[in-house]
1. Run the numbers for R79 and N201: contour at 0.36 nm per residue of separation, minus the present Cα-Cα distance, in nm.
2. Put a dot 7 Å past each Cα toward the Cβ at E125 and K29; how far apart are the dots in nm?
3. Working out 0.36 nm times the residue gap between K208 and R303, then minus their Cα-Cα distance, what length gain in nm do you get to one decimal?
4. Work out the length of the dipole vector of segment 23-67 about its Cα centre, built from +1 on the beta-carbon of each Lys and Arg and -1 on the beta-carbon of each Asp and Glu, and round it to the nearest 20 debye.
5. Looking at segment 55-140, which trypsin sites (Lys or Arg not before Pro) are DSSP coil and have at most 15 other C-beta atoms within 10 Å of their C-beta?
6. How much of the DSSP bridge set in the chain is antiparallel, in percent, rounded to the nearest 5?
7. Between K262 and F169, what FRET efficiency comes out of the Förster formula 1/(1 + (r/R0)^6) with R0 = 35 Å and r the beta carbon distance, rounded to 0.05?
8. Looking at the chain, identify the longest residue range that excludes and avoids all GluC sites (Glu not before Pro) in DSSP loops having at most 11 other Cβ atoms within 10 Å.
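Each reported figure results from applying straightforward, stated rules to the coordinates on display, with no laboratory input. On a predicted model such as this, the values are computed, not experimentally measured, just so you know. Note that we place each Cβ from the backbone using ideal geometry, even for glycine, and neighbour counts take in every protein chain shown.
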Amino acid sequence: MKIEGEEYRALWFDENIVNFIDQRELPYKFEIFKAKTVDDVAFAIRDMVVRGAPAIGAAAVYGMVLGEKEMEKTAEKLRKTRPTAYDLFYAIEYMIENINEGKDAFDAASTYVEDIINRCKKIGENGDKLIKNGMNILTHCNAGALATVDYGTALAPMRIAHKKGKKIFVYADETRPRCQGLLTSWELMQEGIAHSVIADNAAGYFMKKGEIDMVIVGADRIVKNGDFANKIGTYEKAVLAKENNIPFYVAAPISTFDNTIKNGNKIIIEERGRVELAKINKKKIMPDWMNVKNPAFDVTPKRFVTGYITEEGIIKK
């Protein structure tokens, strides 16, 4: 992605340091978080310095490079950071297999990251075929370059369509409680793509008015029967899309597909802390006595999905 004329990836490895664009500070400040140890990488994943399933996977492979000498201990520490995103576990197993085969850890990690970027580019090219000139597209959470190292999943088709000269307009849900729609807006602004941020509970209003032609979201885990986990609120958007006869697509690389789980009821849903709901941009919006529940993801059944946009094509079954 281009930021103030410079090209950046969401994260990169340089001189034995994993550098992250600190997503906790965006869109207000652009800062780099430097992870020098495995513990730093684990913190970055757990505290959402980095987020998005493919980017978490990329962080994990670099973390495995830093902790190569204590491979199993490193793997276990990274596995415990976030339970829902499948790319995390896929990436760790990839590194264990390559290291055990005697391959250089950094070379293996670099190959993994480059592969993710190429897969996301192909997702964009395949998804672009679905986008017609003049379309209005809704997305939920942030599934752009920040979430995937580069290109994005849900945003990749929009980026490709825009570069081809198609006129599109994007509705970006705020995606409380982390306000990740602001990250989507920040990325779309960098790309010059017309858009507006809307409250999560405004999506149905625009759908009913006929102002949304398509929904594209990312995914953190897609299981064997096609059910998928994504940022909390995705299920609501899928149900609304079905009610209003709007195509609903999930964009994700094959590394997000988990065939070891039969259906969405078996997906572990991460429960996060109170502070994410109680504060916005570090400012308290709830009194201390107020109890909250904060699931990070929900599961959308396959019956609400029109198709899955992958690097291998669009899967409809």
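1. The R79-N201 span can extend by a further 40.6 nm.
2. Output for this residue pair reads 4.0 nm.
3. Working: separation 95, 0.36 × 95 = 34.20 nm, distance 2.05 nm.
Result: 32.2 nm gained on full extension.
4. The calculated dipole for segment 23-67 is roughly 60 debye.
5. On the way: sites: K69, K73, K77, R79, K80, K103, R119, K121, K122, K129, K132; in loops: K80, K103, K129, K132.
Those that pass, being in a loop and sparsely packed, are K80, K103, K129, K132.
6. Numbers: 22 of 40 bridges.
Expressed as a percentage, antiparallel bridges in the chain total about 55.
7. Working: r = 38 Å, r/R0 = 1.10.
Efficiency for this residue pair is about 0.35.
8. On the way: sites that count: E4, E15, E101.
Within the chain, the longest run free of exposed GluC sites (Glu not before Pro) spans 102-317.
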